[in-house]
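The block underneath contains the structure these notes are about, expressed in structure tokens.
The values are calculated or read from the model by the stated rules, or taken from the named source; none is laboratory data. Quick caveat: nothing in here was measured; it's all calculated off a predicted structure. Counting neighbours? That spans all protein chains shown, and the Cβs are built from the backbone with ideal geometry, glycine included. Each accessible area value is taken on the protein alone, full model and side chains, heavy atoms only, with ligands, DNA and RNA left out. Shrake-Rupley method; radii C 1.70, N 1.55, O 1.52, S 1.80 Å.
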Amino acid sequence: MRSPNCARSSCQFWNANSRRRLSVTPNERAWSSRCSTNSFGLGPLETLLADRAISDILVNRFDQVYIERDGRLEAHGRHVQDDRHLLQIIERIVSAVGRRIDESSPMVDARLKDGSRVNAIIPPLALERPALSIRRFRTDRLGANDLVTRDSLTAPMLEFLKVAAVAVA
């Protein structure tokens, strides 16, 4: 019996009993993806982590997810199923780096594979529910003019710093 070509983009499964291909609907494909990310990944946070424009992901409680994009904090419509699901996601993150989180150690700092910093806190240290924050780092460097564009510096401040740097050198 031949095995199916898994690299096919047509997303079809092989039915070994009847030797015919079964088409998968978009809804079934989405359901399968959700099951996979919930079981083996970080659930609904996977899509947020895939978006490089998002710099921070803040989960204050299972139904309160905020993201920071381009320096602006905004509520995000997608959320985790419940507190237990959020705790499973936190445990999955910290166990991957050899750490643990429980009542005796209710706060943990860790890093994701991409270098993002993770901070998680659970009761009894958290007031009511588990909370999670993920801070991602930029892949491109900011220049001096970017600081002016983002209102971190004014143009006169930048000019002063340039003159000061030249005077010291």
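Brief remarks follow.
Per-residue answers, yes or no, for (1) farther than 17 Å from Arg135 by Cβ; (2) at pLDDT 90 or above; (3) surrounded by 12 or more Cβ atoms within 10 Å (Cβ to Cβ):
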position: Phe62; (1), (2), (3): yes, no, yes
position: Val65; (1), (2), (3): no, yes, yes
position: Arg78; (1), (2), (3): yes, no, no
position: Asp83; (1), (2), (3): yes, yes, yes
position: Gln88; (1), (2), (3): yes, yes, yes
position: Pro106; (1), (2), (3): yes, yes, yes
position: Ala110; (1), (2), (3): no, yes, yes
position: Arg117; (1), (2), (3): no, yes, yes
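- Scan of the range 87-113 for residues that are within 20 Å of Tyr66 (Cβ to Cβ) and assigned to a loop (DSSP other than H, G, I, E, B), ordered by number: Leu112
- In the range 67-76, the qualifying residues are those that are touching a strand residue (DSSP E or B) at 6+ places or on another chain (Cβ under 7 Å) and more than 15 Å from Arg135 (Cβ to Cβ), and the one that is modelled with the lowest pLDDT is His76.
- Scoring Met157 on the criteria (1) aliphatic (A, V, I, L, M); (2) open to solvent by less than 50 Å² (accessible area, probe 1.4 Å); (3) outside any strand (DSSP E or B); (4) over 22 Å from Thr47 (Cα atoms) leaves a single failure, condition (2).
- Cβ-Cβ under 6 Å pairs, at least 6 apart or on other chains, the range 131-152 side under 30 Å from Leu87 (Cα atoms), far side open to solvent by 60 Å² or more (accessible area, probe 1.4 Å) and among the basic types (Lys, Arg): Arg135/Arg117
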